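Colleague: Attaching a single structure in structure tokens format; questions to follow.
Only the coordinates and a few stated rules stand behind these numbers; no lab work does. None of these values were measured; they are calculated from a predicted model. Positions of Cβ are backbone-derived with ideal geometry, glycine not excepted, and every protein chain shown enters the neighbour counts.
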Amino acid sequence: MKLRNTWIALGLLALLFVGFAATATEPVTIEFWHRFSERHNDTLLELAARFQERYPHITVEWVYQGSYSALQTTINGAVVAGEVPTMTIFYENWIPAVADALVPLEPFFTAEEIADIVPGLLYENLLTVPFNKSIMVLYYIEDYVPVPPTTWQEFYDLCVANTVDEDGDGQIDRYGTGLRPASNPEQFLALLAQNNGTILNEDWTEVTLDNEAGLEALEFYASLAPYAWITSEYLNSNIGYVAMAIDTSAGWYYWNKAAEGAGLTVKTAELPVGEKAASFIQGTNIGLFKDVPAEEFAAGLLFLKFLLEAENTGYWAARSGYLPVTLGGLQSQTWLDHLATHPEAVASSIMMPLGVSQITHPNYGDMRDVLSTMCEEILLGAETLEDALAVAVSEIESLLE
Amino acid sequence: MNRSKKLLATWLNKLVALWWQLIPLEWRSPTFWKDSAWAYIYLAPALIILGVFTFYPFFSAFRLSLFKVDIPNYPGQYIGLDHFRYIFGDKYFWRALWNTVYIVGISVPVTISLALLVASLLNKSLRFRAFARTSFFLSYITPMVAVIMVWRLMYHESYGLLNYFLSLFGMNRIAWLNDPAYAKPAVIILNVWRYVGYQAIILLAGMQGIDQMYYEAARIDGASGFQAWRKITVPLLTPQIFFLLIISMIGSFKIFTEVYVLFNGPGPLKAAETLVYYIMRQGFFGTQHLGRAAAASMILFAIIFVVTLLQMQIAKRRVHYQ
Amino acid sequence: MEAVRTGEQYVARQRAYRLMLYVLLAAGCAVMLLPFFWMLTTSFKTEAEALRIPPQWIPVSFRWQNYIEAWNAAPFGWYFFNSFFMAITTTIGEVFTTILAAYAFAKMRFFGKGPVFAILLGTMMIPGQMLLLPNYVTIQRLGWYDQYQALIIPWLVSVFGIFLLRQFFRSVPDELRDAARIDGCGRFRFLFTIMVPLSKPAIFTVALLKFMGSWNSFQWVLIMTKTATMRTVPVGLQLFSSEVGTAYEKLMAASVMAIIPILALFLFTQKQFIQGVARTGIK
């Protein structure tokens, strides 16, 4: 009861804030840290310009903070030094470490606004909101796989059929699919989600990876090993080497360019369907820092809400190759127009509402490491499936705390 | 009472006398202290800057290794040696240590030997040597991203040049980047290639510093070119060779980028995970065990420090200064 | 007759030997130049060609627009200015601090020499990543964040340079110092009028490597600055990569532009390596 009152109080305060920011005319600059490549520059600037059209007193300053580890170090350093920006993008793994420095945004959002966010993307207490997101889809080279599979059995059969030694030298020249256990265990996690499996139970008290659903998914994943190129390289920079792949929708640009160079045709499709249709979502979130002046925070909040508006998230997605992060965005005119001219985005757009994100457990980063190791040992035959799974389960258990 | 006082006094006297004998002779000369003052004036600019930007953060990292780091409430909770206990019980730490020793053990001697060969070659009065010098140096100045792209292609299973050469000799192709057995060799080859030109330049500068008079004397004595190389060039290069040995050993112990960019990870089954990669994986990739990463850094520091001290001891006997 | 034949044999052997040297040199150059060749040709490819597998070793397209597009993708004018500014100031500063410190270690006796040198060497053994966070906080506290001071002052010293130069200084015979002292030459003057000219190849090596190190520094610049106009060329190179792929053709075009200054510098300073002691005439 007490907690609810606090929320309500915070909510009222929030409305006050927003009202204040929207009506104030004192110029405010919000600093937004990101690490997008130069390809997205124009889009980011356009979004900031549109925002300023509506709120002329607020200027958005995009600050490029470079590589993955540089951004992470800068964020940590900024929190320690007490010199935080208004907002920054985060990979979900980084959030727990600085959670105390962020503002839970739930009180500042209406129920409708929250319901509009793609369900798989809701972070606890809305500590962060989604920004650039992509989902695992099926890429297939039409020259080798004319019709994409719709069930996992079909997928498996096509993998077998497409693992070929074309010049007869006893060495495989093309694989059915590509698996990246060490760098992308999310391929397995997509299969797990489809089989109704999870890593942990709802309240994070027990490991469920080794129940029936999990075991089945893992067995299927392992059965692909002879027909899969097992690597940590980007699949799109080895075009033609695999006939199909479960890969992130964000990579389309590079897949397509590489295919063009090789004289092949690449297309995307929804993932085949197991127990249910599902897939795995990855990408960054945006968080707002506590330790900034009130008017800066309020302006940042306005910009956050602006980015979530259907047309804007649709515009960002259409221009960047990522996906709209709200249900409204997925139905927005901009996005629908984009789909009409970009068939490759259709599969990801359909799958988005069915997607799941990584769990927000503070030790998820370590758990993911354990999963990678398990997947790799199984695929490379270093351990049997049972042994690797048993080790992984006990290690994840020790991470539950 | 009085007696014990006396006893104490005699003991103190003896202690002071002993200490007086133990301290080096030179400490007793006032010129030594004058020289010391001057030396520290010469060292001051370097020591001040290093103090602020290296020693201080080093101690700060050391402190971090004893904490369960909490970024918003930095540095967090003091936990003593827990991180060290975790690391010494982690099989991946030992694996990383072994991988690092393996890579250092092979790539350091190979690179220096090749560099010596290259420097000798570049020091000869051959045509195009300016061109050759530049091309050897290029591997060092070309940005890593460009280098890596080519090496990924060189190592490619079906299209790579390395496997093409192997096939010329009727050998089976090797999955350089995807087979745990070849992950370390792939890193070593890249490391040798990357630093050989750079080391050759340092040796070349050393060769230029050797007085021609030695060679003239050798010629008069009827020594062949190879003899002169063995008896004059190499011994007189020992300061530079020693320098390279230490530098490249430290560098190889800290090898990280090569692994990271070649494999997008620690290599298949972590076969190429080095100590620094281990540190990065603990603290900066996905997981944020900054305290654990700091503890591992301290261990790495201790290892390199001991090995370097050993090398310096050996060098005292083996390095010739002109 | 006999003598003539051995003479001919000698000439033939010499020729074979030289031929072998050239073959060795050519093979070495080929291996070293390959990535550079790849970088150069890729910088003229189209996007699709750059990603092509099997790789295209021999160029087909000549798309020089990549260079213009790469240049316009970021404020490269500023990046180059900052890189030059940072590299030149840190190199000059470092050469100065290095000469002083290396001389102290090579030719002076002082209290704590061994331990201080060991500690200095020790600093090279710490993974730089561990020092970034505390250094970020220091830079913020000093008020240097996003300022040139942050890019220059911490880099005015290099233990590597001190160590390298110490090795060279130690090769200079002590008799020179004694002779100079008899001539009434002070320590400071001796250092700069005799030691430094004698060690020219080494000092050029230190300076060159420092310049390159500064030119290529990336992580530090990225973390200690935030304004686009405070950043350097390698940060610009980073802009072409994302976690799902890389625009290789533009990246390579930018890389070519980035190494040209270093290449020019190397070609220019090569002469200094060659001259060596030939001109000092003191020995």
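Colleague: Eigenvalues of the Cα gyration tensor times 5, then square-rooted: what semi-axes does that give for chain B, in whole angstrom, largest first?
Modeller: Semi-axes (√(5λ), whole Å): 43, 36, 17.
Colleague: Another question about this same structure. What fraction, in whole percent, of alpha-carbon pairs in chain C exceed 33 Å separation?
Modeller: 44
Colleague: What does the structure give for A:372-380 when I average, per residue, the other chain Cβ atoms found within 10 Å of the residue Cβ?
Modeller: Other-chain Cβ atoms within 10 Å of each residue's Cβ, averaged: 2.
Colleague: Another one. Straight-line reach from C:K226: which lysines fall under 22 Å, measuring Cα to Cα and dropping same-chain residues less than 8 apart?
Modeller: A:K290
Colleague: Let me ask something additional. State the answer as a single residue: which of A:N201, A:Y156, A:T177 lies farthest towards the positive end of the charge dipole of region A:114-238, with beta carbon charges of +1 for Lys and Arg and -1 for Asp and Glu, about the Cα centre.
Modeller: A:N201
Colleague: Cut-off under 16 Å on the C-alpha distance; same-chain residues fewer than 8 positions from C:K200 excluded. Which lysines are left, in chain and number order?
Modeller: C:K210, C:K271, C:K283
Colleague: Pull up the cross-link candidates among the lysines for A:K267, meaning alpha carbon to alpha carbon under 18 Å and not fewer than 8 places away within one chain.
Modeller: List returned: A:K257.
Colleague: Same structure, new question: I need to check one value: relative contact order of region A:120-264, counting alpha carbon pairs closer than 8 Å and at least 6 residues apart, in percent.
Modeller: After rounding, I find 32 percent.
Colleague: Based on the alpha-carbon gyration tensor of region A:288-389, what equivalent-ellipsoid semi-axes (square roots of 5 times the eigenvalues) come out, in whole Å, largest first?
Modeller: 36, 24, 9
Colleague: What value does the protein assembly as shown have for Rg/Rh, both radii from Cα atoms and Rh as Kirkwood defines it?
Modeller: Over the Cα atoms of the protein assembly as shown, Rg/Rh equals 1.00.
Colleague: About the Cα centre, and with charges only on the beta carbon of Lys, Arg (+1) and Asp, Glu (-1), how big is the dipole of region B:2-64? Nearest 20 debye, please.
Modeller: 560
Colleague: Quick one: net charge of A:L308's neighbours, Cβ under 9 Å, K/R +1, D/E -1?
Modeller: -2
Colleague: Counting helices only, and only those DSSP H runs with n ≥ 4, report the 222 nm mean residue ellipticity of the protein assembly as shown as the sum of -39,500 (n - 2.57) divided by its residues, in deg cm²/dmol to the nearest 500.
Modeller: -19500 deg cm²/dmol
Colleague: So which of A:K133/A:K276; B:K91/B:K270; B:K34/C:K113; B:K184/B:K270; B:K316/C:K113 end up more than 18 Å apart by C-alpha?
Modeller: Violating the 18 Å limit, Cα to Cα: A:K133/A:K276.
Colleague: Just to check I understand the Karplus step: with θ = phi - 60° and J = 6.51 cos²θ - 1.76 cosθ + 1.60, what whole-Hz values come out for region C:104-114, glycine and proline as x?
Modeller: 4, 6, 7, 10, 10, 9, 7, 5, x, 4, x
Colleague: Please list, in order along region A:27-37, the HN-Hα scalar couplings obtained from phi with the Karplus expression 6.51 cos²θ - 1.76 cosθ + 1.60 (θ = phi - 60°), rounded to whole Hz, x for Gly and Pro.
Modeller: Those phi angles translate into x, 10, 10, 10, 9, 10, 8, 8, 9, 7, 6 Hz.
Colleague: Still on this structure: Would you mind working out the magnitude of the charge dipole of the protein assembly as shown relative to its Cα centre, with +1 at each Lys and Arg C-beta and -1 at each Asp and Glu C-beta, to the nearest 20 Debye?
Modeller: So the dipole magnitude of the protein assembly as shown works out to roughly 7420 debye.
Colleague: Quick one: dipole size for region C:103-239, taken about the Cα centre, charges +1 on Lys/Arg Cβ and -1 on Asp/Glu Cβ, in debye to the nearest 20.
Modeller: So the magnitude is around 160 debye.
Colleague: A further question on this structure: What is the angle, in °, between the Cα long axis of helix A:41-54 and the longest principal axis of the Cα atoms in chain A? Nearest 10 is fine, range 0 to 90.
Modeller: In chain A, helix A:41-54 runs at an angle near 30 degrees to the longest axis.
Colleague: So which DSSP H runs in chain B come out at 24 Å plus along the axis (Cα) with average Kyte-Doolittle of at least -0.5?
Modeller: Those that pass (Cα extent of 24 Å or more, hydropathy at least -0.5) are B:2-22, B:30-50, B:91-122, B:180-208, B:234-253, B:290-318.
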